[in-house]
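Asker: This is the structure, below, for whatever I ask next.
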Amino acid sequence: MSHEIPCWYMRGGTSKGPFFLAKDLPADAATRDAVILAAMGSPDDRQIDGLGGAKSLTSKIGILSIPADDAADLDFLFGQVGIAEASVDTTPNCGNMLAAALPAAIEAGLLRADEGTTTRRVRTVNTGVVAEITILTPGRRPRYDGEARIDGVPRPAAPVTCGFLDTEGSLAGSLLPTGNLRDTIDGVEVTLIDNGMPVMIVHAAALGVRGDESPADLDANVALKARIEALRLKAGPLMNLGDVTKKPVPKITLVSKAAHGGAIGTRTFIPKDVHTSIGVLGAVTVATAAVLPGTVAHDVASPGEGDSRSLSIEHPTGEFSVELGLEGDRVVRAALLRTARLLMRGSVPVSPSIWPGPSA
């Protein structure tokens with residue numbers, strides 16, 4: 001008989017996937033990953049036999065637990081689930097799924113909400129980054145309906161405010177892992193930077209494109225994608241990430257002058273398919289590069305002035321506003337708005353041949 005694992009299927013920002021409680025999953029990482037792959041229907045291009053959506057943005061999971069220390073109120077382990085590959089990568093961050101972690105934890109009874117609004121410190125276990133998340137909780141329940149709009153999501157919803165501190169070098173060890181504002185790889189100038197997400201930033205023009213093409217057009221450009229992947233594979237060791245052949249980082253962002261009054265135009269590969277928008281921490285990292293004189297991003301950006309700046313990061317389906325706080329040339333805080341929604345609550349049956357359950 002199948003063992004059923006409780007889950008809460010959430011949209012977080014422009015991503016979605018099931019959230020599980022750590023206590024409901026196998027303690028052994030290999031068995032846990034086998035359970036997750038079965039639940040998501042991987043490996044299979046369509047993920048037809050599971051909950052996955054057959055796209056990188058919809059093949060994600062979250063695992064929630066209460067921290068054993070006082071560093072945060074909630075621990076969130078993010079998993080990027082392979083689609084055609086049998087892989088569950090728990091090394092990167094995902095700011096979109098992070099936005100759904102607090103409401104998911106309240107839905108699951110893991111945390112108790114405050115009346116009106118609830119603010120909790122959520123640690124992304126993958127990298128140790130802690131974010132202060134605030135959601136609306138009238139009647140001590142998460143509110144999902146509202147008027148906040150984010151590009152890439154068709155309907156308005158209640159706001160989720162995410163404030164980040166100390167995100168420098170989340171995976172690469174430092175903001176500029178090579179120590180340089182720009183490097184040259186195979187004759188192409190790049191900025192290698194990590195302020196919450198390792199990103200290789202490249203002028204779109206340096207690769208022979210404008211930077212305002214649709215994701216479909218860029219995805220169809222086989223020669224461009226091959227060149228970008230060759231650059232990415234060489235950037236990995238330079239960013240202290242090692243061999244990134246099978247890793248989702250670094251992301252690659254092509255930058256250009258903003259076309260609609262924003263700070264900068266972007267097209268992001270994650271890492272091999274083009275993002276229909278841009279990831280949360282990817283946007284924070286690109287915004288950081290945009291305000292640093294000498295980077296590839298700064299060349300085409302309108303970065304603004306002062307110690308507090310709002311940068312509109314343009315992407316294929318609109319824009320993403322990032323609020324940055326600076327001390328001199330150093331970005332010391334970042335804040336942004338997301339939305340989240342509970343899509344389904346239930347349980348996922350798992351074959352006993354994969355895991356018979358905790359009592360077996």
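The values are calculated or read from the model by the stated rules, or taken from the named source; none is laboratory data. Being a predicted model, the structure only gives us computed values, none of them experimental. Please note: Cβ atoms are built from the backbone with ideal geometry, for glycine as well, and neighbour counts cover all protein chains shown. Each accessible area value is taken on the protein alone, full model and side chains, heavy atoms only, with ligands, DNA and RNA left out. Shrake-Rupley method; radii C 1.70, N 1.55, O 1.52, S 1.80 Å.
Asker: Could you please find all residues in the range 218-234 being open to solvent by 70 Å² or more (accessible area, probe 1.4 Å) and in contact with a strand residue (DSSP E or B) (Cβ under 9 Å, 6 or more places away or on another chain)?
Answerer: Residues satisfying the conditions are R227, K234.
Asker: Of the residues that sit in the range 168-190 and are closer than 18 Å to L233 by Cα and among the hydroxyl-bearing types (S, T, Y), which one is least open to solvent (accessible area, probe 1.4 Å)?
Answerer: Filtering the range 168-190 for residues that are closer than 18 Å to L233 by Cα and among the hydroxyl-bearing types (S, T, Y), the one least open to solvent (accessible area, probe 1.4 Å) comes out as T178.
Asker: Contact list please: Cβ distance under 8 Å, first residue in the range 265-282 and at positive phi, second residue in a loop (DSSP other than H, G, I, E, B) and buried (at least 21 other Cβ atoms within 10 Å of the Cβ), pairs at least six apart or on different chains.
Answerer: none
Asker: Taking T295, is it touching a helix residue (DSSP H, G or I) at 6+ places or on another chain (Cβ under 6 Å) and within 20 Å of T317 (Cβ to Cβ)?
Answerer: So T295 fails the test.
Condition check ((1) more than 29 Å from E147 (Cβ to Cβ); (2) touching a residue at least 40 places away in the same chain (Cβ under 8 Å)) across all residues:
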{"position": "T285", "(1), (2)": "no, yes"}
{"position": "T295", "(1), (2)": "yes, yes"}
{"position": "S310", "(1), (2)": "no, no"}
{"position": "E314", "(1), (2)": "no, yes"}
{"position": "L326", "(1), (2)": "yes, no"}
{"position": "R333", "(1), (2)": "no, yes"}
{"position": "S347", "(1), (2)": "yes, yes"}
{"position": "I354", "(1), (2)": "yes, yes"}
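Asker: Kindly provide the set of residues from the range 139-154 that are within 18 Å of S321 (Cα to Cα) and either assigned to a loop (DSSP other than H, G, I, E, B) or of a type in the set (D, E) (or both), ordered by number.
Answerer: Within the range 139-154, E147, R149, I150, D151, G152, V153, P154 meet the criteria.
Asker: Pick out the one residue from P18, P6 that is surrounded by fewer than 18 Cβ atoms within 10 Å (Cβ to Cβ), out of contact with any Pro (no Cβ under 7 Å at 6 or more places or on another chain) and not in a helix (DSSP H, G or I). Lay out the reasoning, then the answer.
Answerer: Values: P18 fails: surrounded by fewer than 18 Cβ atoms within 10 Å (Cβ to Cβ).
After ruling out the rest, the residue left standing is P6.
Asker: Restrict the check to the range 202-219 and report whether at least one residue is touching a helix residue (DSSP H, G or I) at 6+ places or on another chain (Cβ under 9 Å), within 19 Å of T14 (Cβ to Cβ) and assigned to a loop (DSSP other than H, G, I, E, B).
Answerer: no
Asker: List pairs: first residue in the range 162-188 and closer than 16 Å to L241 by Cα and free of Cβ contacts under 8 Å to residues at least 24 places away in the same chain, second residue open to solvent by 70 Å² or more (accessible area, probe 1.4 Å) and charged (D, E, K, R) anywhere in the structure, Cβ distance under 6 angstrom, at least six positions apart or on different chains.
Answerer: Within 6 Å, no pair qualifies.
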